[in-house]
1. What is segment B:2-127's relative contact order, in percent, from Cα pairs under 8 angstrom and six or more apart in sequence?
2. So what's the net charge close to B:I5: Lys and Arg +1, Asp and Glu -1, counting the other residues with Cβ under 12 Å from its Cβ?
3. Mind checking the mean number of beta-carbon atoms from other chains within 10 Å of the Cβ atoms in A:151-161?
4. With a ≥ b ≥ c taken as the square roots of the eigenvalues of the C-alpha gyration tensor of the protein assembly as shown, please select rounded if a/c is under 1.5 and otherwise prolate if a/b is larger than b/c or oblate if it is not?
5. Classify segment B:2-127 from the C-alpha gyration tensor, please: rounded if a/c falls under 1.5, else prolate or oblate depending on whether a/b exceeds b/c.
6. So which residues in segment A:46-78 end up with at least 30 square angstrom less accessible surface once the other protein chains are there, compared with the chain by itself, probe 1.4 angstrom?
7. Where a Cα-Cα gap under 20 Å defines reach, which aspartates and glutamates qualify for A:K84, not counting those fewer than 8 residues away within the same chain?
8. Let me spell out the model: positive unit charges on the Cβ of Lys and Arg, negative unit charges on the Cβ of Asp and Glu, origin at the Cα centre of segment B:2-127. What dipole size does that give, in debye rounded to 20?
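The values are calculated or read from the model by the stated rules, or taken from the named source; none is laboratory data. Small disclaimer: the values here were computed from a predicted structure and weren't measured. Here the Cβ is made from the backbone with ideal geometry for all residues, glycine too, and neighbour counts use every protein chain on show. Remember, those area values only see protein heavy atoms, side chains included, never the ligands or the DNA or RNA. Shrake-Rupley method; radii C 1.70, N 1.55, O 1.52, S 1.80 Å.
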Amino acid sequence: MRPEQPKYKTSDEVDFLIVGSGAAGGILAKELSTNGFRVVVLEQGPYLTETDFTHDEVKVLTEDLLTNHPKLQPTSFRKTPEEKAVPQRALVYGRLVGGTSVHFTANFWRFHEIDFVERSKVGAIAGTGFSDWPIIYADLEPYYTKVEWEIGVSGLAGASPFDPPRSKPYPMPPLPVKSSGVLFERAAQKLGWHPFPAPMAILSEPRAGRSACVNCGFCLAFGCEVGAKSSSLVAAIRVAERTGRCEIRPNSYVHRIELDTAGRATGAVYFDAERNVQRQKAKAVVVCANGAETPRLLLLSANRQFPNGLANSSGLVGKYLMLNSGAMSMGVFEHPLNDYKGFAVSRIFHDFYELDAHQVGFYGGGGLDARFDFTPVGFAMGGLPPGTPRWGQGFKDTLRHNFTRTMEIFCHGTSLPVETNSFSLDPDLKDAWGLPALRMTYKDHPDDIKLGNWMNLRASELLDAAGAQKKWSLPAQEQQFAVHLLGTCRMGQDPKTSVINADHRTHDVKNLFLCDGSSLVTSGRGQPTMTIEALAFRAADRITALAKRGDLSA
Amino acid sequence: MTARIIPTDDLPGAREAGAVYFIDRALTTFASEDQQTYRNGLPALLGKTEEMFPGVRSFSAATPDQQDQILHSFDESGQTGRRAFRPRGAQTFFETVRTHTIIAFLIDPDSGGNRDGAGWKVIGRERAHSFQPPFGAYDKDYPGWQPAPDRTEKTKT
């Protein structure tokens with residue numbers, strides 16, 4: 001299944017060294033190697049393929065087969081910089097070739113035009129670094145289209161009246177509707193809202209040598225065993241490998257980027273699988289390690305020229321972390337939905353994408369989806385209504401009745417960028433390699449919580465309109481666990497208020513680029529991967545143009 | 001104990017799913033750190049049995065009703081919690097056994113627990129690895145996607 005790869009020596013000065021092989025890194029590897037460059041991708045996790053993936057909940061969820069392991073890489077958490085952080089699991093990300101795109105739910109909404117210019121439209125928000133992007137939707141539109149066609153997104157163009165303009169339809173029809181989708185669609189229309197088939201990065205028909213979705217029901221948190229989920233692993237890395245110019249080097253844990261005396265990046269230092277220190281040389285470095293590990297790597301790479309962290313003259317590396325706000329309501333219906341079959345989401349709506357702050361009393365907006373993303377064990381542990389006995393006959397009876405009859409409505413929304421919300425290095429806690437661990441500092445902006453609860457009321461109304469026999473809501477709470485890792489090396493024109501420019505080049509180091517969730521200036525409305533991938537396609541074009549005119553080696 | 005956590009009725013319970021055997025294996029593999037919890041917990045269970053029902057010589061010798069009363073005295077947390085992204089962090093003896101029993105009952109049968117798919121029979125999950133629509137009662141007569149009637153008039157707000 002894996003094509004032959006070149007084996008570069010660490011002393012070979014390759015054209016590009018990419019740190020991380022996830023949503024952004026995979027696409028940059030594909031694009032840069034296709035454009036003729038010699039590329040090495042260093043991925044800290046293992047190289048697993050479809051035959052390694054499994055429905056075993058213990059292996060995947062308890063033993064972290066696909067994800068960062070809390071024992072190897074412990075983390076700490078605190079709400080505010082005044083507190084001392086306590087060790088606790090603060091985040092999850094995919095730690096394998098393909099990164100988080102291997103185990104995600106695959107909701108693939110584009111950002112809308114407003115997401116890039118919202119600061120200008122609604123004005124400053126006290127206590128936040130709310131800003132416009134240095135690019136607009138039109139700059140990114142061709143790249144959203146590339147994601148849909150080259151990575152593989154199912155959907156129905158024009159189905160939502162709120163959708164931004166697009167240059168091409170989706171390459172594939174939407175996935176089939178689930179019972180949760182039908183209940184959601186009918187109820188939302190009754191309430192005057194505009195539900196539509198969810199755009200998903202899952203194949204609805206065979207494409208590019210990959211199988212269509214077989215609706216096995218193990219999507220969120222699991223790797224796809226048939227290659228239907230459009231991960232970087234199956235949709236980008238394999239294309240990069242086929243160029244014959246790209247080497248994917250798994251089990252390579254980068255912990256330092258080195259500069260020469262002229263202040264240019266010369267490559268990266270990493271631990272190989274045996275924990276020996278290696279140095280890969282490169283003409284330019286692109287860090288795509290995710291919104292937590294990218295700032296951590298820069299902070300670990302502090303040197304004499306950059307005592308506060310590499311490319312951190314702004315002091316903003318790791319700051320303005322956004323997680324997306326969220327809340328959830330659940331309903332139980334008379335007849336079986338069997339929503340465990342299939343992918344998670346089949347219907348969504350965007351009527352509340354831009355709420356009027358004067359009307360609702362807070363900033364924000366979002367989208368609602370109909371879903372069922374519980375595994376059987378996960379459902380028994382957390383999918384039953386409040387008040388259900390936790391064991392015994394009452395527990396079993398409820399489990400038996402509810403498993404096939406339950407659906408969720410998930411409310412996804414904005415997070416405001418607050419400077420103190422951040423990833424930084426824990427002063428005490430170390431990982432298994434002896435490196436400073438990630439410390440997360442996070443306290444949701446009050447508007448984010450208000451938004452989650454406002455949307456949850458709409459979700460509750462929707463469940464009533466759908467005829468739920470029982471419903472309950474899990475209110476928005478201050479978050480202590482991160483899944484979406486956004487905004488920590490933000491893009492901008494001003495080197496004082498941002499870390500990278502619109503080409504993803506760091507303001508401080510000419511041949512060092514960053515592209516992943518850390519690049520985002522605002523949070524969007526909850527589904528960031530599509531935008532991370534569009535940014536990666538665009539960054540590849542920009543970096544190629546700079547390289548071709550000799551602007552990286554000057 | 002597992003048989004009281006998920007009892008047998010007209011459908012299989014933890015006993016038929018082979019939960020005890022799964023837990024035995026778990027304690028030498030993914031749950032090896034919980035061995036001490038069991039080592040401390042099982043004598044405590046016996047002690048509680050003797051304290052609550054003098055003359056009953058072991059937990060398994062107690063009647064189902066007595067067993068439930070004993071387990072209630074161990075279960076301090078009351079009701080179902082908020083959903084957790086991953087089943088982890090069980091601490092007390094009772095909570096550990098409860099978690100392991102649920103895993104043993106509902107894990108994918110190909111993973112070494114949930115003997116004969118007993119747990120999935122109870123919750124109504126078919127055992128196939130692929131499914132075709134219609135999936136459930138509400139999508140079976142779905143006519144195909146229709147836009148909301150007013151959508152042509154709708155503008156962005």
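1. This gives 36 percent for segment B:2-127.
2. Net of charged neighbours comes to +2.
3. 2
4. prolate
5. Judged from the Cα gyration tensor, segment B:2-127 comes out prolate (a/c at least 1.5, a/b above b/c).
6. A:H55, A:D56, A:V58, A:L61, A:T62, A:K71
7. Within the straight-line limit of under 20 Å, A:K84 reaches these aspartates and glutamates: A:E419, A:D426, A:D428, A:D431, A:D444, A:E478.
8. Charge dipole, segment B:2-127, about its Cα centre: 320 debye, nearest 20.
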